[in-house]
Each structure stands twice: as structure tokens, then as C-alpha cells.
Amino acid sequence: DVEEIRDGMLAIDGTIDYRMGGTMQSGFGTDRENSNDRLSIDPASSSRRMVYLPLRRANLPVLLNLFDFGDAVTSQGKRANTNVAPQALFMMNSEFVATRARNLATELLGETDWSDSERMKHVFIRTLTRIPSADEVDQGLTYVSQVRKDFDDVPELDAWESFCRILLASNSYIYID
């Protein structure tokens, strides 16, 4: 579900806000329903867990609609389950995912006593909760070095960010086998 994908990314990059609770939004009732004081908070702009973000049925953020958030108007026993191109495009192009990947890459490179192989193993464990095979480590390291070479020696951080984004957008991260 979208809440798990989003909150998981925030947990992976270490920016999730675990504080419990919250307050209801202030604003107007039914006479001025779409008052700016009563709009939904964009989940991509907050580090709070989804369960604590106020949502308005008439004004759901795009991210939630994109990933099959439950219909807030009718009762349903199960959410729709789609797999559509705009979901993949969000994972590849959104600032939210880019920031999570950047934060994770920054943390990986901040561990100066780790080798690149250790970084690669750590990022797999952190994002996909499994140890990578030797072949996956080799392919990942080849990817990082090829990105640096192909794009005129981009900074190492940018190459690692790109790889982190690949893992966050992968089916292995998004779907449960």
C-alpha cells in the first residue's frame, strides 16, 4: 500500500518522524469546505507517518490516488490493486524519491571506513532487507562506476544516489513476493 511504500522510504533514509498523535486541522466546516486551512497535507512534503497526516475526502493528494489509496467515500473490503505506468514514473521522477535516495547515498558515503562492496551490501540490506548475491554486488558496483564514467565523472554521490533510486523503485522494494 502507498502508506507502507512512503513510510518505508522515510524509514530507510532515516528522516521519518515517529512522533505519535497530532491535532485536527482548523478551518471552516461545510459552508466553506475547501478553505485553505482544511486542505490535505501532501504526503511528499511531510516526514510524519501517513497515519497522522490529515486527509480530506474531497481533496486527496495525487500520490495517494496514484497508488490506489482507498476510496474515502464508499465502504470497501479491499483496495483496488493496479500496476500502471504513472506509478513507475513517480518512482523514477519524483522529488520525494530523489530526496530519499540522496539521503541514503549521503549516509553510505559518510561511512568512510567501508569499502564500496560493503556499501553495496548495506544498501541492499537497508532497502530490500536481504543480502545481495555476489553477482548483484558486482553489477551494482559496475553500474556506479559506469555512471561516473558515462556522465563525465559526475560526483560519486550522484552515482550512488542513482543506484539507490533504482533499488527504491524496484519491484523487490515495492511488492511482497
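For this structure, a couple of remarks:
- When Leu157 is tested against the conditions (1) open to solvent by less than 20 Å² (accessible area, probe 1.4 Å); (2) closer than 30 Å to Val2 by Cβ; (3) not charged (D, E, K, R), the lone failure is (1).
- When Ala85, Ala58, Ala134 are screened for being small (Gly, Ala, Ser), at pLDDT below 90, open to solvent by 40 Å² or more (accessible area, probe 1.4 Å) and under 21 Å from Tyr173 (Cα atoms), only Ala85 passes.
- Tabulated pairs, segment 149-168, first over 16 Å from Glu95 (Cα atoms) and in a loop (DSSP other than H, G, I, E, B), second open to solvent by 60 Å² or more (accessible area, probe 1.4 Å) and modelled with pLDDT of 90 or more, C-beta under 7 angstrom, 6+ apart or interchain: Val154/Arg148
- Residues within segment 12-40 that are at pLDDT 65 or above and open to solvent by 40 Å² or more (accessible area, probe 1.4 Å), tallied: 6
- Which numbered condition Arg119 misses (of (1) without any contact (Cβ under 8 Å) to a residue 40 or more places away in the chain; (2) within 21 Å of Asp13 (Cα to Cα); (3) open to solvent by less than 70 Å² (accessible area, probe 1.4 Å); (4) part of a helix (DSSP H, G or I)): (1)
The values are calculated or read from the model by the stated rules, or taken from the named source; none is laboratory data. These numbers come from a predicted model, not from an experiment. For neighbour counting, all protein chains shown are included, and Cβ atoms are generated from backbone atoms with ideal geometry for every residue, glycine included. Accessible surface areas use protein heavy atoms only, side chains included; no ligands, DNA or RNA. Shrake-Rupley method; radii C 1.70, N 1.55, O 1.52, S 1.80 Å.
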